[in-house]
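Asks: This is the structure, below, for whatever I ask next.
FYI, it's all coordinate maths here, none of it is from the lab. Remember, predicted model here, so these are calculated numbers, not experimental data. Here the Cβ positions follow ideal geometry from the backbone for every residue, glycine too, while neighbour counts run over all protein chains shown.
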Amino acid sequence: MSTEKILKAGKIASQVKIYARTIVKKGIPLLEIAEKIEAKIFELGGKPAFPVNLSINEVAAHYTPGHDDKTAANGLLKVDFGINVDGWVADNAFSVDLDENEENKKLVKASENALSEAVEFIKSKTADYRIKRTGISITTNKIGSIISKTIEASGFSPIINLSGHSMEQYSLHAGITIPNIDDGKTIKLEEGLYAIEPFATPGSGKVRDGKPSGIYELTSEKSPRSSLAREILEFIKKEYNTLPFCSRWIFKKFEARGLFALKELEANGNLHHFSQLVEVSDSKVSQAEQTIFIDKEGIVIVTTE
Ligand code: MN
Ligand code: MN
């Protein structure tokens, strides 16, 4: 674990969240919002850990605009972005109501409250940890329980098949799940980097796979047939390593031929193509997310915003 790089990523993530809140307005093209946020990440000395996700209403996650996307911001919008500093990631998200809709506002509050309750609980254990050196007595299901109780108290349901996650260098989902319900798994949080991300909905509380997202991740380096696909594969390895990227980024660098190469790489088994994640009852979804870091000294909230 590189504390210095993690904290740098967190600092950038916090600044980007403040910036993103100022540019997200109803009617602004999602493409413009995504590009501005990603440009800000570079400007502040980081790289995007994955394409900015701008998911509207019942789409809970994994919507990033394509290179020719015409969608304008509206509804209940989730802004989910990550900062990559040498592969160390700060994952951060917020939701905003662009429709002056009361239920949307309540949903935004519900996921934010669930996140802050979970973070406050974790912070409350830090002092114990430092003073007594007893190890951390935080279990993943306890966090899930706090999240679900807080969301249910607002009259909504958590999304049970979306969850927070541990992270490692160049790995966004590194094995440990931080559930949004008490799943009965009493896994103790050890030293490491974790994202906590409650989702709230008035619907059934589950997501299903929707349309292809245009977001990909490298899963195999086996050589593709065409030299074009080999060239793009080398670019992906060098530029993104095993972190997610999107067709929009490839189009920007290689234009239409890059998109052909992506198809070949996907067919050749080099890439995982993520689906959009849609609430099963097509109900609106809100999300809030922060990243925390646990080391020998204690617990740090990496993303202060
Ligand atoms: Mn995220
Ligand atoms: Mn996350």
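Asks: Take the stretch 82-111 and flag every residue that is within 16 Å of ligand 2 (Cβ to nearest atom) and not in a loop (DSSP other than H, G, I, E, B).
Replies: Of everything in the stretch 82-111, those that are within 16 Å of ligand 2 (Cβ to nearest atom) and not in a loop (DSSP other than H, G, I, E, B) turn out to be G82, I83, N84, W88, V89, A90, D91, N92, A93, F94, S95, S111.
Per-residue answers, yes or no, for (1) touching a residue at least 60 places away in the same chain (Cβ under 8 Å); (2) away from ligand 1 (no atom under 15 Å from the Cβ); (3) surrounded by 21 or more Cβ atoms within 10 Å (Cβ to Cβ):
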site: Y19; (1), (2), (3): no, yes, no
site: I33; (1), (2), (3): no, yes, yes
site: S55; (1), (2), (3): yes, no, yes
site: T64; (1), (2), (3): yes, no, yes
site: T71; (1), (2), (3): no, yes, no
site: N92; (1), (2), (3): yes, no, yes
site: L98; (1), (2), (3): yes, yes, no
site: N104; (1), (2), (3): yes, yes, no
site: S111; (1), (2), (3): yes, no, yes
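Asks: Name the single residue that is nearest to the chain's Cα centre (by Cα) among those in the stretch 177-205 being surrounded by fewer than 19 Cβ atoms within 10 Å (Cβ to Cβ) and within 16 Å of ligand 2 (Cβ to nearest atom).
Replies: Looking at residues that are surrounded by fewer than 19 Cβ atoms within 10 Å (Cβ to Cβ) and within 16 Å of ligand 2 (Cβ to nearest atom), I get T177.
Asks: Got at least one residue in the stretch 113-122 being in contact (Cβ under 8 Å) with a residue 24 or more places away in the chain, closer than 21 Å to D80 by Cα and of a type in the set (D, E, K, R)?
Replies: Scanning the stretch 113-122 turns up at least one residue that is in contact (Cβ under 8 Å) with a residue 24 or more places away in the chain, closer than 21 Å to D80 by Cα and of a type in the set (D, E, K, R).
Asks: Within the stretch 56-84, track down each residue that is of a type in the set (S, T, N, Q) and farther than 24 Å from K11 by Cα.
Replies: Hits for the stretch 56-84 are N57, T71, N74.
Asks: Return the residue satisfying two criteria in turn: it lies in the stretch 24-51 and is over 16 Å from F251 (Cα atoms) and in a strand (DSSP E or B), and of such residues it is farthest from ligand 2 (Cβ to nearest atom).
Replies: P29
Asks: Of everything in the stretch 244-257, what is crowded, with 20+ Cβ neighbours inside 10 Å and not hydroxyl-bearing (S, T, Y)? Give them in sequence order.
Replies: Correct list: P244, F245, C246, R248, W249, I250.
Asks: Residue check: is E234 over 30 Å from I138 (Cβ atoms), more than 17 Å from the chain's Cα centre (by Cα), away from ligand 2 (no atom under 16 Å from the Cβ) and free of Cβ contacts under 8 Å to residues at least 24 places away in the same chain?
Replies: Answer is yes for this residue.
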